[in-house]
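Where a number appears in this text, it was derived from the coordinates with a stated rule and is not lab data. Quantities reported herein were computed from a predicted structural model and do not represent experimental measurements. Every residue, glycine among them, receives a Cβ derived from its backbone with ideal geometry; neighbour counts consider all protein chains shown.
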Amino acid sequence: MSLRQALDAVRLLDLSDRGEGCRIAVIDTGAASDAPLSGQANLTQRSMVDTEGHGEHIHRIIHSILPEAELFVVKVPNPVPDHLFISAMDTVAKWRPHAVNISMGSEFATDGGDPVSVYADKLSSVAVLVCAAGNGGPRPLSVGSPACSRESLAVGAVSMKLRPWSSSSRGPTLDGRFKPDISAPTGYLVPWGLRLVGTSFSAPLATAAAALLARELESPFLARRILQLTAQPVPVSLLNLAFVRGTMGASRPSIRRLLKILSVSTDPRNVVGMGLLDAAKALEEASRISQSLSQR
């Protein structure tokens with residue numbers, strides 16, 4: 001699957017919008033040297049240009065999708081300590097973006113009460129905070145902070161065949177909420193010659209769509225909810241044997257434990273969220289709501 005095919009799968013190619021008027025921020029390991037920046041902040045002691053082969057791809061992907069959008073990047077170390085994560089979110093809030101892409105974080109579930117998740121919820125009142133769910137699957141309880149925050153849009157991954165990607169992190173959160181929220185393709189080939197695999201590269205597709213919706217609606221809450229409610233169903237196996245084996249190890253499970261595991265693994269909302277991103281349907285719904293609100 002190429003990037004173009006991935007965009008077609010989530011119906012971003014159905015849109016002629018090039019992102020004019022959109023402001024998108026990225027918190028990651030740096031920026032690409034060949035993509036434009038409207039603002040930047042460096043929370044490391046190194047060059048702003050990404051040398052880890054991660055943030056630069058996020059930057060390029062979003063620019064490829066919405067070439068006329070204003071892009072902002074905050075460079076942080078990897079792994080990023082909590083205090084720098086919070087500083088990065090505080091920095092992007094000052095830019096008043098429509099959407100923020102975070103394709104890094106932990107793979108250890110929390111109840112959303114950890115410091116990073118709490119601040120992520122605060123940022124979500126300013127912009128749609130799009131977080132990669134993580135690559136800790138098929139293990140349950142593997143969506144970590146900040147993706148497990150209550151108000152973020154956590155993005156899981158589907159394969160090139162639009163089926164759940166086995167390593168995509170799964171819910172629930174420690175307080176029982178479903179995560180991820182939606183899913184988008186991974187494993188696609190980008191024009192600069194690499195195949196990018198992981199939820200890190202599913203998230204930018206949702207970020208682009210989120211920015212378009214938030215620009216239209218001027219409400220990150222509405223944009224996030226519409227992206228969830230317009231997602232398309234993804235087939236999920238009722239019995240993921242690999243998941244059960246990986247969870248149980250060599251031990252023989254009790255009936256109670258097996259039922260508990262199966263109840264988690266068979267709920268699609270803890271695997272792919274509400275389903276596959278459908279950007280065209282989401283923007284259509286956003287336009288309808290925007291027109292309705294303007295007539296009041």
Hz values of 3J(HN,Hα) by residue in the stretch 58-75 - Karplus curve (6.51, -1.76, 1.60), Gly and Pro given as x: 4, 4, 5, 4, 5, 5, 5, 6, 10, x, 9, 6, 7, 10, 10, 10, 10, 8
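Please arrange LYS179, LYS281 by how many other C-beta atoms lie within 10 Å of their C-beta, fewest to most.
Details: LYS179 28, LYS281 17.
So the ranking, lowest neighbour count to highest, is LYS281, LYS179.
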Sorted by Cβ density within 10 Å, fewest first, the residues TRP192, TRP165, TRP95: TRP192, TRP95, TRP165
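Pairs LYS122/LYS281; LYS161/LYS281; LYS122/LYS179; LYS75/LYS122: which exceed 25 Å Cα-Cα? Please list the in-between numbers first.
Working: LYS122/LYS281 28 Å; LYS161/LYS281 21 Å; LYS122/LYS179 19 Å; LYS75/LYS122 20 Å.
The pairs that break the limit, which is 25 Å between Cα atoms, are LYS122/LYS281.
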Farthest positive-ward along the chain dipole, Cα basis, beta-carbon charges - from SER237, VAL80, ILE226: SER237
Integer Hz, Karplus 6.51/-1.76/1.60 couplings in order for the stretch 268-284, x for Gly and Pro: x, 5, 9, 10, 10, x, 7, x, 7, 3, 10, 5, 5, 5, 5, 5, 4
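Can you list which of the GluC sites (Glu not before Pro) found in the stretch 32-122 are DSSP loop residues with at most 15 other C-beta atoms within 10 Å? Could you put the intermediate results ahead of the total?
Details: sites: GLU52, GLU56, GLU68, GLU70, GLU107; in loops: GLU52, GLU68, GLU107.
Loop-located and lightly packed - GLU52, GLU68.
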Separation of the GLU68 and LYS122 label points, Cα + 7 Å toward Cβ, nm: 3.5
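What FRET efficiency comes out for the pair ILE289/SER237, r = Cβ-Cβ distance, R0 = 22 Å, nearest 0.05?
Numbers: r = 35 Å, r/R0 = 1.58.
Once the sixth-power term is evaluated, E becomes 0.05.
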